[in-house]
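**Student:** Before I ask anything, let me first share the structure, which is written out below as structure tokens.
Laboratory data are not the source of any read-out in this text; all were calculated from the coordinates shown. What you are looking at is a predicted structure, and each value in this text was computed from that prediction instead of being measured. Because the Cβ atoms are built from the backbone with ideal geometry, glycine has one as well, and the counts that use them run over all protein chains shown.
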Amino acid sequence: MNKPFPRIIAVAALLALLASQASAAQKIYWGDSVPAGWNGKWPAKYLTVPEKTNFARTASSTDVLEFIDALRWSSGKMTVINMFTTTLRRTCPAVVLANPRVTTPAEAVKSGKTVVYLQGNIHAYEPEAKEALMMLMRDILFGKRKSLLDNLIIIVCPNFNVDGTDTLSLSEGTPHILGSATNAQNINLNRDAIRVETAEIAGLYRTIFNRWDPTLIYDGHLMGRVQHGYAIGYATCTVPASHPGPRDYVFDKLFPAVREATRKNFGLEVFTHCETDGKWPPTVWSHEAAMWTNEAKFVANAYGLRNRMTILAETPGHESFERRIYAHYSLITGVLEYANAHGKEMQEVCRAADRDVVEAVRAKAETGELRNFVAGKYESYGKVDVLIYKERNASTLVPGTSVRAKIAPHMLQAPELVRGVEFLCKPVGTVEARVPRGYLIPAEMDFVVEKLRAQNVKVEVLAKPVKVSGEEFVIDKVGQGRSGGYNMIKL
């Protein structure tokens, strides 16, 4: 969908701040800084591992189970689901938060409330969202976020990669010990959203996506060392084949509102998950530079193909553990507050997309008129102003240690505002294919049927022979596709 994109300029509050005229209410926290006492005071049983260790450690899989157990013994608003059991026989819990309590998808539908799914730790060396989600569960059940359950049913999986969480190695910084990027099979789970080769992704689809049908999902991550000045970056589904309605809603309505709310309520500057071209001044602000491609292998991209809303969010990797947790906590809270206020509208956008797809298939597929994209790229929305640090963000040794975790002094100050940078984030299709009325799959290709059903695609077995006219899909060439952490095949 081609549409004009207004030039995005840092809001007046930020410009005023950079001119040293900001009010106390608009204080922005740069670098490693966070508000004092932002996480509140809690009894020992409700404290997370980072809170107990001055943010030097992160929770193990056992710690997560014990934290959830402490919550459920004190609240009547939780239902715990076992999403899956890994190849190492570890279980992964997801917690359904609702007031009044719900135990089934049917009860959720009957309530009329908007279902939101929040996920952390798909890459276990990125534990910030895991810890933020446990704090947020605590605040929703017992603290100042109780009103989020007025209109929402919130499903939380803090520790998705349970095997990776307990595959430990030393870290350069905090937390001192981290899990691994992959699962026990050495598979990157956030590249498995289409192939569904892992128990983890299959379980996510089977127990959450296919049954609870969340209107919105959030997947929390961590970037490496970056040059930009944002506390966290966000993205939505950018697969050109997806219906534009849900993804445009997130990009055009939800993100700007949450960006403003996060600045106002938490003192953080947040923006699109991008990187620059490395030049000074930068000329490009691009999803591609941040490894966010428009392929559906990522969970947040794949779920967008279901006409639902998705968010991926990544914090800078060079900042302190507490700062990264605070960034996820702030953004997730802003997202939930928006969904709590606009959930009915969000549901209708998704239902309208469902209707559009069905009507298009019925009207145009049988005649061969219906086409959709099978590949894409990013084009520009126009010019944008971005917060960037000019000096290189290099890692250096902490004095007196053998740990490369010292943050360059300039990264603790306010960044520069660079105007008129090309905003390369608009997904555009480049290759089309005809969309048929349906597919006939030979019985011996039951592995294809298994994959389709895992994705909640309805597959029926013909009771008797039929005769139809159509086209045969023939693979004439197999090649190596782009990797990016996963071996892809190009047909």
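**Student:** If the reach is capped at under 16 angstrom between alpha carbons, list the aspartates and glutamates near Lys383, excluding any in the same chain fewer than eight residues apart.
**Tutor:** Output for Lys383: Asp252, Glu275, Asp277, Glu422.
**Student:** Compute the signed sum of charges (Lys and Arg +1, Asp and Glu -1) over the other residues within less than 13 Å, Cβ to Cβ, of Lys264.
**Tutor:** Taking every Cβ under 13 Å from that of Lys264, the sum is 0.
**Student:** Starting with the fewest neighbours, write out Trp292, Trp285, Trp42 ranked by other beta-carbon atoms found within 10 Å of each beta-carbon.
**Tutor:** Sorted ascending by nearby Cβ count, the order is Trp42, Trp292, Trp285.
**Student:** Normalise the Cα radius of gyration of the chain by 2.2 N^0.38 Å (N = residues in it) and let me know the number.
**Tutor:** Normalised Cα radius of gyration, the chain: 0.98.
**Student:** Show that you can apply the helix-only estimate: for the chain, add -39,500 (n - 2.57) for every DSSP H stretch of four or more residues, divide by all residues, and state [θ] at 222 nm to the nearest 500. Intermediate results must be reported in sequence, preceding the final value.
**Tutor:** Values: 12 runs with 128 residues, N = 491.
It comes out at -8000 deg cm²/dmol, rounded to the nearest 500.
**Student:** Taking a cut-off of 30 Å between Cα atoms, list the lysines near Lys390, but don't count ones fewer than 8 places away on the same chain.
**Tutor:** Cross-link targets: Lys27, Lys264, Lys279, Lys377, Lys406, Lys426.
**Student:** Show which aspartates and glutamates lie in cross-link reach of Lys41 when reach means a straight Cα distance below 14 angstrom and same-chain residues fewer than eight apart are skipped.
**Tutor:** Result set, ordered by chain and number: Glu51, Asp139.
**Student:** When a footprinting reagent is the concern and you count Cβ atoms within 10 Å, what order do Ile232, Ile194 take, fewest first? Write out the running numbers ahead of the final one.
**Tutor:** Details: Ile232 30, Ile194 18.
By the 10 Å Cβ count, ascending, the order reads Ile194, Ile232.
**Student:** With the cut-off at 28 Å, tell me which of the pairs Lys113/Lys458; Lys130/Lys253; Lys146/Lys297 have Cα atoms farther apart than that. Don't skip to the answer; put the middle values down first.
**Tutor:** On the way: Lys113/Lys458 26 Å; Lys130/Lys253 26 Å; Lys146/Lys297 35 Å.
Among Lys113/Lys458; Lys130/Lys253; Lys146/Lys297, the Cα-Cα distance tops 28 Å for Lys146/Lys297.
**Student:** Quick one: of the DSSP bridges fully inside the chain, what percent are antiparallel, nearest 5?
**Tutor:** Of the beta bridges lying entirely in the chain, close to 60 percent run antiparallel.
**Student:** Given a cut-off of under 8 Å on Cα pairs at least six residues apart, what relative contact order in percent is computed for the chain?
**Tutor:** 17 percent
**Student:** When all C-alpha to C-alpha distances in the range 101-231 are sorted into bins of 5 Å, what percent of pairs does each bin hold, rounded to whole numbers?
**Tutor:** It works out to 2, 9, 17, 20, 19, 15, 11, 6, 2, 0, in whole percents.
**Student:** How do Thr58, Thr367 line up, fewest other C-beta atoms within 10 Å first?
**Tutor:** Thr367, Thr58
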